[in-house]
């Protein structure tokens, strides 16, 4: 099957230009001007006049079917990747979980079973390490060899995922040997638990106080600490879901002194704020960790994206229904399942707030949603690029299309939207995954099982600024 995408504006992280893209099978075969006029034959032509042609977006932080607080995130790999595709995302990297006392292999095998035969679009895995010991450190090497080269640890959630400094440092020493990457959830969990207990003891139990308890300085302190540990181990470190200017300042300072510190933020930290958590128990819809911050953090985070202090925008997609799941925390904000839906909305929110809003160039928009994630997580140039030989993960994107975000029309398996009623400019008209059209003009044309496991290599830091 040969498909010709004609008359579009190709937008990549490196630049924009008028051009056509020929797909042969699952990969890009040719790029040029007026390929049809030059005699290039195709089975189908897609007219991209007045549209952008961009690499399929990559969300490197999702949690499909994640167990949390006595329940599970609502999206399966089928519903979650389908929703992602509607939003222009053609690859996700989800987090497989090692349960305490179990092996990394058991956790990874469980996530392979969830995804295989169900995913609509391509997927990879990171590995959450709950136990750092001699056995799991040895397992890390095998996972790197299998294309799962990233390991997430936590300075938060004592008793669940928390690792102390010694465990974190040992894991970093192991990645110094095997080339993997440590990803850190950086908040001071033990200190947060003290503040949260004090608030509940004082009768302050509404979801709003989840945001109050998790001080920005606790995120800044933990971010500095894990970066310093990485510097001592001589390895890169990636800070997930950075939310606060306190943490951003530590990343910026580290990069300025030459440390290999990388970080992502998420749409919720650019478009939502602590104010959204203040409407009684309705604020439970916005409970995530790190929490939403006051609005005066927004400008710093946008500046971090512009200046490349932040390299990636991911979602931390982890949806729980308001009715029947979030309400487990009525009377105690500490019991509200942590997580927000967002995998479908990221690309459009960043286009509207970034490109249309004048904060990002369209090239930088593509970089933070597709190209930088591919480079940092061992998928470039197979993904995150429009180049001969790359996977034909492509989006025909209408920069002028307008829509209103709503739970009534989204495709995520959750009963609310964090962005309900927000108008956005820009949307995906046609989405191709490895050359197959999986979304066309608002209709799903893909199938469960099309998505394949992406065996990822090591990051090429020479390609990353």
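Please treat every number below as a calculation from the coordinates, not as lab data. Here the structure is a predicted model, which is why all the values come from computation and not from measurement. Cβ atoms come from the backbone with ideal geometry, glycine included; neighbour counts cover every protein chain shown.
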- What is the ratio of the Cα radius of gyration of the range 382-465 to 2.2 N^0.38 Å, where N is its residue count, to two decimals? 1.36
- Note on the structure: Rounded to the nearest whole number, the Stokes-Einstein translational diffusion coefficient of the range 1-145 at 4 °C and 1.567 mPa s (Kirkwood radius, C-alpha pairs) in µm²/s is 72
- To the nearest 10 degrees, the tilt of helix 104-115 (Cα long axis) against the first principal axis of the alpha carbons of the chain is 50
- Task: Using DSSP, restrict attention to beta bridges with both residues in the range 56-381 and report what percent are antiparallel, rounded to the nearest 5.
- Result: 5
- Item | Degrees separating the helix 189-201 axis from the principal Cα axis of the chain, which is the longest one | 70
- Query: Summing -39500 (n - 2.57) over the DSSP H runs of n ≥ 4 in the chain and dividing by its residue number, what mean residue ellipticity at 222 nm do you reach, to the nearest 500 deg cm²/dmol?
  - Reply: -8000 deg cm²/dmol
- Distance between the range 247-285 and the range 399-437 - C-alpha centres, whole angstrom: 23
- Sorting 424, 11 on the 10 Å Cβ count, fewest up front, what's the list? 424, 11
- Query: Using the alpha-carbon atoms, what tilt in degrees (0 to 90, nearest 10) does helix 134-145 show relative to the longest principal axis of the chain?
  - Reply: 10
- Item | Residues 371, 445, sorted so that the one with the fewest Cβ neighbours within 10 Å comes first | 445, 371
- Message: If I take the Cα coordinates of the range 200-311 and project them onto the principal axes, what are the three extents in Å, biggest first?
- Response: 45, 31, 17
- Message: Using Cβ contacts closer than 10 Å as the measure, can you line up 22, 458, 66 from fewest to most?
- Response: 458, 22, 66
- Item | Estimated translational D of the range 98-149 in µm²/s (Stokes, Kirkwood radius over Cα pairs; 37 °C; 0.692 mPa s) | 282
- Kirkwood Rh for the range 134-198 from C-alpha pairs, in Å, is 12.7
- Task: Enter the Cα centre distance for the pair the range 10-69 and the range 172-228, rounded to the nearest angstrom.
- Result: 39
- Message: I need to check one value: relative contact order of the chain, counting alpha carbon pairs closer than 8 Å and at least 6 residues apart, in percent.
- Response: 21
